[in-house]
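So the structure is just underneath, and the comments pick up after that.
The values are calculated or read from the model by the stated rules, or taken from the named source; none is laboratory data. Being a predicted model, the structure only gives us computed values, none of them experimental. Here the Cβ positions follow ideal geometry from the backbone for every residue, glycine too, while neighbour counts run over all protein chains shown. Side chains included, ligands, DNA and RNA excluded: accessible areas come from the protein's heavy atoms. Shrake-Rupley method; radii C 1.70, N 1.55, O 1.52, S 1.80 Å.
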Amino acid sequence: MKKIFIITGEASGDKLASKVIFELKKINPNIEYSCVGGSNLESLNIKSIFDLKEITYIGFTSVFLNLFKIRRKINQTIDEIIKFKPDILFSVDSPDFTLRVAEKVKKINPSIKSIHYVAPQIWIWREKRVKKYKKFLDHLLLLFNFEKKYFDKENIKTTFVGHPLLETKQNHIDISNLFKNNKKIISIFAGSRNSEVRVLTPILINFIILMNQKNHNYNFVFHATNENKNLIKDYIKKSQLDNVEVLYDEKIKYEVLSKSIFAVAKSGTISLEICNLKIPSIIIYKINYINYYIMKLLVKVKYANIINIINNEEIIPELLQKECNANEIYKSVIYLLKNPTLMDNQVKRFSETLNGIKSATSSSSEASKILNNYLI
């Protein structure tokens, strides 16, 4: 029986990986799996060698403070992969963890094919890394077609598969029982990592308090992961807000987002899913000042959001660092809600951008076919 070992580094990668493996199981059920993953891969009966939360750190200082722990986890993962003897090492996103493992595994056992999903964002910073990747990556699966030129320089084998968050979902679920009123819904995304949630959730709760003081016509829904749902619930319980829900079931989250009139989201891939459903939004992000200063020195782009980066223009408003506070979020949200023309224009602009980065077929399906081809 053929074997695949899957490595993810955080909840978003676990979600992406699970979509691909779900499709792969349809075309090839005779594969044995092991992984470093979370609840999404677990739902496919793929057991993780340790809890994903043990390696989900954010920012330079957090990584530095946990350096020895991360190194132990890298070594543990390498040992487990070598013992498992997979045909494919399928790494997904989180390059500072997953690609460090992939590089060392390749040195120990060159026969293991290394396939990475979600290209490192070398177009933002550290472009020189491409030469290094050539030594141990057999195939790179790209979410955006504009990335190809960066890896073609070193003749790294790539395939543009598109982004799975842009895939249309057909299943509809009745969510009428979730809310006891007919208030409009504003979706909230505080991030997938605990460190992000701890920073952003108190700010977002204060934003909701401001909204309630001025206008009581909204329900607010925090879209959580299974890993951080209780942390967010604890913050909300302390706030005593009665028009806030926390959802972590993926199908229900999708339906609620599709019914939302607006979204406030931490900068990241979730913005693509929001845009794909044509929901106007603003982007927020905040890290400690040391990390931010280091990042400003290293990054080559002006914006945090992928839609804005592609267009080199702030189509979706970004509130970063000191602007990421309850008052500024409140003012930005109210301004857009009171100006439907601005929201319509935002939707029009990001929809045009998405049309240029969607694959002709399903990203997950295309990725699964490539994995299967390496097993034949």
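Solvent exposure of segment 250-376, expressed per residue, is 47 Å² of accessible area, with all protein chains present and a 1.4 angstrom probe.
Calculate the FRET efficiency for residue 249 and residue 50 from the Cβ-Cβ distance with a Förster distance of 30 Å, rounded to the nearest 0.05. With R0 = 30 Å, the Cβ-Cβ based efficiency is 0.75. In percent, rounded to a whole number, the relative contact order of the chain is 17, using alpha-carbon pairs under 8 Å and six or more apart. Taking a Cβ cut-off of under 9 Å around residue 160, the surrounding Lys, Arg, Asp and Glu residues balance to a net charge of -1, with basic ones at +1 and acidic ones at -1. In terms of packing, defined here as the mean over residues of other Cβ atoms within 10 angstrom, the peptides 213-221, 196-204 line up highest first as 196-204, 213-221. Around the amide H of residue 32, modelled in the peptide plane, lie the amide H atoms of 2, 3, 4, all under 5 Å away and 5 or more residues distant in sequence or on another chain.
The phi-based Karplus calculation (6.51 cos²θ - 1.76 cosθ + 1.60; θ = phi - 60°) puts the 3J(HN,Hα) values of segment 83-88 at 5, 6, 6, x, 7, 10 Hz, whole numbers, x for Gly and Pro. Working from label points 7 Å from Cα in the Cα-to-Cβ sense, the residue 159 to residue 135 distance is 2.7 nm. Look at the dipole of segment 168-311 built from charges on Cβ: of 292, 197, 173, the Cα furthest out on the positive end belongs to 292. Derived scalar couplings between HN and Hα for segment 18-28 equal 5, 5, 5, 5, 4, 6, 5, 5, 5, 9, 8 Hz in order, rounded to whole Hz, by the Karplus curve 6.51 cos²θ - 1.76 cosθ + 1.60 (θ = phi - 60°), x for Gly and Pro. Taking 7 Å steps out from each Cα toward its Cβ at residue 96 and residue 176 produces label points 4.8 nm apart. Determine the sum of side-chain charges near residue 283: Lys and Arg each +1, Asp and Glu each -1, restricted to other residues whose C-beta is under 10 angstrom from that of residue 283. Cβ neighbours under 10 Å give a net charge of -1. Residue order by solvent-accessible surface for 160, 50, 22 is 22, 160, 50, largest first, with ligands and nucleic acids left out and a 1.4 Å probe. Considering helices alone, the calculated mean residue ellipticity of the chain at 222 nm is -13500 deg cm²/dmol, with DSSP H runs of length four and up weighted by -39500 (n - 2.57) and normalised per residue.
Within segment 260-376, what whole-number % of the accessible surface is contributed by carbon and sulfur, with the 1.4 Å probe and all protein chains included in the calculation?
54
Can you tell me the alpha carbon radius of gyration of segment 188-288 divided by the globular rule-of-thumb value 2.2 N^0.38 Å?
1.00
Phi-derived couplings, Karplus 6.51 cos²θ - 1.76 cosθ + 1.60 at θ = phi - 60°, listed residue by residue for segment 230-241: 5, 4, 5, 4, 4, 4, 5, 4, 5, 7, 6, 6 Hz, with x used for Gly and Pro.
Keeping all protein chains in place, calculate the accessible area per residue for segment 138-244 (probe 1.4 angstrom), answer in Å².
50
For the pair segment 298-376 and segment 107-156, the centres of their Cα atoms are 23 angstrom apart.
Once the Cα-Cα distance is subtracted from the 0.36 nm per residue extended length, the residue 104 to residue 26 segment shows a gain of 25.0 nm. Basic side chains Lys and Arg get +1 at the Cβ, acidic Asp and Glu get -1 at the Cβ, and with that the dipole of segment 228-354 about its Cα centre reaches some 260 debye. Counting only protein heavy atoms and using a 1.4 Å probe, the accessible area of residue 349 comes to about 60 Å². Relative to the longest principal axis of the Cα atoms of the chain, helix 340-355 runs at roughly 10 degrees. Across all C-alpha atoms in segment 217-353, the radius of gyration and Dmax reach 15.6, 43 Å. Taking 14 Å as the cut-off, the amide N atoms of segment 235-253 that come nearer than this to a point 7 Å along the Cα-to-beta-carbon line of residue 198 belong to 235.
Taking amide H atoms as placed 1.01 Å from N in the peptide plane, the amide H of residue 158 lies under 5 Å from those of 140, each 5 or more residues away in sequence or on another chain.
Note on segment 125-278: Cα convex hull, mean projected area over all directions, 11.4 nm².
Inverting the pair-averaged 1/r between distinct Cα atoms of segment 219-273 gives 12.0 Å as its Kirkwood hydrodynamic radius. Taking amide hydrogens as placed 1.01 Å from N in the peptide plane, the amide H of residue 219 sits under 5 Å from those of 184, 185, 186, each at least 5 positions away in sequence or on another chain.
Take the Cα of residue 342, step 7 Å toward its Cβ, do the same at residue 301, and the gap between the two points is 2.4 nm.
Summarise the accessible area of segment 100-181 (1.4 Å probe, protein heavy atoms) by the percent that is carbon and sulfur.
Carbon and sulfur atoms account for 49 percent of the accessible area of segment 100-181.
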